[in-house]
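To start, the structure under review is shown below, and the notes come after it.
The values are calculated or read from the model by the stated rules, or taken from the named source; none is laboratory data. Please read these numbers as outputs of a predicted model, since none were measured by experiment. Reconstructed Cβ throughout: ideal geometry from the backbone, glycine too, with neighbour counts over all protein chains shown. Please note that ligands, DNA and RNA were not included when accessible areas were found on the heavy atoms of the full protein model with its side chains. Shrake-Rupley method; radii C 1.70, N 1.55, O 1.52, S 1.80 Å.
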Amino acid sequence: MSQPLPVPKPDPLRALALLGALILGGCAATSGSLPAPAVGSLEGARVATPTDDGTRQLLFLAGPMEPGELAALEAAAPNVRCVVPESEEEALRLAPEAHGADGRICSPEFLTAAEQLVWVQSPSAGVAWLLERHGIRERGEIVLTNMQGIHGPAIAEHVFGMLLTLTRDIGYHQHPDRRGAWEREGSGREVVALSGRTMLVVGLGGIGSEVARRAHGFDMTVLATRRSRKERPAFVDRVGTAEDLEVMLPLADVVVLCVPLTEETEGMIDARTLGLMKPGAYLVNIARGAVVDTDALVGALESGRLAGACLDVTDPEPLPPGHVLWSLDNVVITPHVASRATLTNERRATLLEENLRRFGAGEPLLNVVDKAAGY
Ligand SMILES: NC(=O)c1ccc[n+]([C@@H]2O[C@H](COP(=O)([O-])OP(=O)(O)OC[C@H]3O[C@@H](n4cnc5c(N)ncnc54)[C@H](O)[C@@H]3O)[C@@H](O)[C@H]2O)c1
Ligand SMILES: O=C(O)[C@H](O)CO
């Protein structure tokens, strides 16, 4: 089973406001005024409930949570009994009766025994780890939903936090060796103003849009790619598809990777695509480590071809002590924590409650994963 996520503590009023944003912002207009941040997407929404009258008693096996949170879940869907299994054995025992389950419970053994299972809610946005598990991709009756978009605001702030650490030389001045030294020379690296520069957001989804919105606020020119053609948001100057990556890479001073890890994106940034980037550009990866070829990245950082990299995710992960990336002073690393925030927990809890309500009522679920596309 994967590691547990932080337990959310929902505030009912705030949850209501977030849910309002969901309905208003989930399919928000993408041009004109800037849309409010959304929680949950109606794109590809699909019913998972084995009955459409909302009366049948269903069983959902939830991930770790506080008793109060469990009660809130059950209140959202009176016809759904929610149980937090205390062990893998208990999960296996309940598997034949389960209609829905948190992805953390879905071991291959559980999935084999869970013959009535029609809904798996991933606790994460990335679902590569779940799609690989026995049966989820192949079993057409199982609707897989994820936490797509939930982490957007926190991660977007984290992207700029990491980036400014390098571009403003803040990391250098904060180093413990320099505490107490009024040393204005700094690292000697160029100190950069983002204003007027160009950012390329690769993967203009839930997270990428929040990054792009903030880049626009920094007076940057914003380019973006995404997998499908859709209307261009007002805060993006130019949006293309995956095929446009190579045309856009040479134009960007900062490239931010916000794509899911799929067959198409694994190794997307390698020696060749790094070679297309502007000399002196910055690379930010908050997506998944395997989207980038680590050896090629190290080469580009050591040679000075890239000015720096900001990595919340790495390949391998965890990044072992002594790995060369730790030794490069033009690299900022955080250990896969970019999404941490009370707000993220609230948004996660809101999405889960809303999906549980929809499950019980026989309504289409939010954030349905396209299993063929892998996200
Ligand atoms: N660092 C973290 O803690 C953290 C937290 C959450 C999510 N993530 C990662 O970020 C990913 C994105 O999350 P999200 O919530 O924004 O998901 P999302 O589904 O809202 O967005 C994904 C975007 O990527 C685009 N995309 C897919 N394939 C592409 C390709 N080949 N080229 C260009 N664009 C492509 C899609 O069109 C979509 O716009 C997750 O899959 C996960 O791997 C990391
Ligand atoms: O994908 C996500 O939600 C985060 O990276 C946590 O796994």
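Once every DSSP H run of n ≥ 4 in the chain is given -39500 (n - 2.57) and the sum is divided by its residues, what mean residue ellipticity at 222 nm do you get, rounded to the nearest 500 deg cm²/dmol? Intermediate results must be reported in sequence, preceding the final value.
Working: 13 runs with 117 residues, N = 375.
Only helices count here, giving -9000 deg cm²/dmol.
Here segment 190-328 has 51 percent of its accessible surface on carbon and sulfur atoms, given a 1.4 Å probe and all protein chains in place.
In this structure the amide hydrogen of residue 47, modeled in the peptide plane, comes within under 5 Å of the amide hydrogens of 365, none closer than 5 places in sequence on its chain. Mind checking the angle between helix 152-167 and the chain's longest principal axis? C-alpha axes, 0 to 90 degrees, to the nearest 10. Roughly 20 degrees, rounded to the nearest 10. The relative contact order of segment 169-277, computed from alpha carbon pairs under 8 Å that lie at least 6 residues apart in sequence, is 26 percent. Residues of segment 327-343 with an amide N closer than 20 Å to a point placed 7 Å from the Cα of residue 187 along the Cα-to-Cβ direction: 327-338. Between amide H atoms placed 1.01 Å from N, distances below 5 Å from residue 262 occur with no residue 5 or more places distant or on a separate chain.
Please compute the per residue accessible area over the chain with all protein chains in place, 1.4 Å probe, rounded to a whole number of Å². Before the final figure, lay out the partial values.
Working: 16900 Å² over 375 residues.
With the other protein chains kept in place, the chain gives 45 Å² per residue.
Summing Lys and Arg as +1 and Asp and Glu as -1 over all other residues whose Cβ lies under 9 Å from the Cβ of residue 242 gives a net charge of -1.
In order along segment 278-286, phi translates into HN-Hα couplings of 4, x, x, 7, 10, 10, 10, 10, 10 Hz, rounded to whole numbers, per the Karplus curve 6.51 cos²θ - 1.76 cosθ + 1.60 with θ = phi - 60° and x for Gly and Pro.
Stretched out straight at 0.36 nm per residue, the stretch from residue 57 to residue 115 would grow longer than its current Cα-Cα span by 19.3 nm.
Test of the criteria: in segment 130-190, which chymotrypsin sites (Phe, Trp or Tyr not before Pro) are in a DSSP loop and have at most 13 other Cβ atoms within 10 angstrom of their Cβ? If you can, show how the numbers build up before the last one.
Working: sites: 160, 172, 182; in loops: 182.
Loop-located and lightly packed - 182.
Distance between Cα centroids, segment 198-257 to segment 291-322: provide it in whole Å. Here the answer is 22 Å between Cα centres. The dipole here belongs to the chain: it is taken about the Cα centre, uses +1 on the Cβ of Lys and Arg and -1 on the Cβ of Asp and Glu, and is about 940 debye.
Here the 3J(HN,Hα) profile of segment 119-136, calculated from phi with Karplus coefficients 6.51, -1.76 and 1.60 at θ = phi - 60°, is 9, 10, 9, 6, x, 10, 7, x, 10, 4, 5, 7, 4, 6, 6, 2, x, 5 Hz, Gly and Pro shown as x. Compute the helix-to-body angle for 67-76: its Cα long axis versus the longest principal axis of the chain, expressed 0 to 90° and rounded to tens. The helix 67-76 is inclined about 70 degrees to the chain.
Can you give the local net charge around residue 121? Use residues other than it whose beta-carbon is closer than 12 angstrom to its beta-carbon, Lys and Arg +1, Asp and Glu -1.
Summing Lys/Arg as +1 and Asp/Glu as -1 gives 0.
Determine the relative contact order of the chain: mean sequence separation of Cα pairs under 8 Å and six or more apart, normalised by residue count, in whole percent. Spell out each step's value before the answer.
Numbers: 743 pairs, mean separation 85.4, N = 375.
After rounding, I find 23 percent.
Percent of C-alpha pairs per 10 Å bin in segment 301-375, short distances first: 15, 26, 26, 21, 10, 2. Please identify the trypsin sites (Lys or Arg not before Pro) of segment 119-191 that satisfy two criteria: DSSP loop assignment and at most 11 other Cβ atoms within 10 Å. Which are they? Taking segment 119-191 and a limit of 11 other Cβ atoms within 10 Å, the loop trypsin sites (Lys or Arg not before Pro) found are 179, 184.
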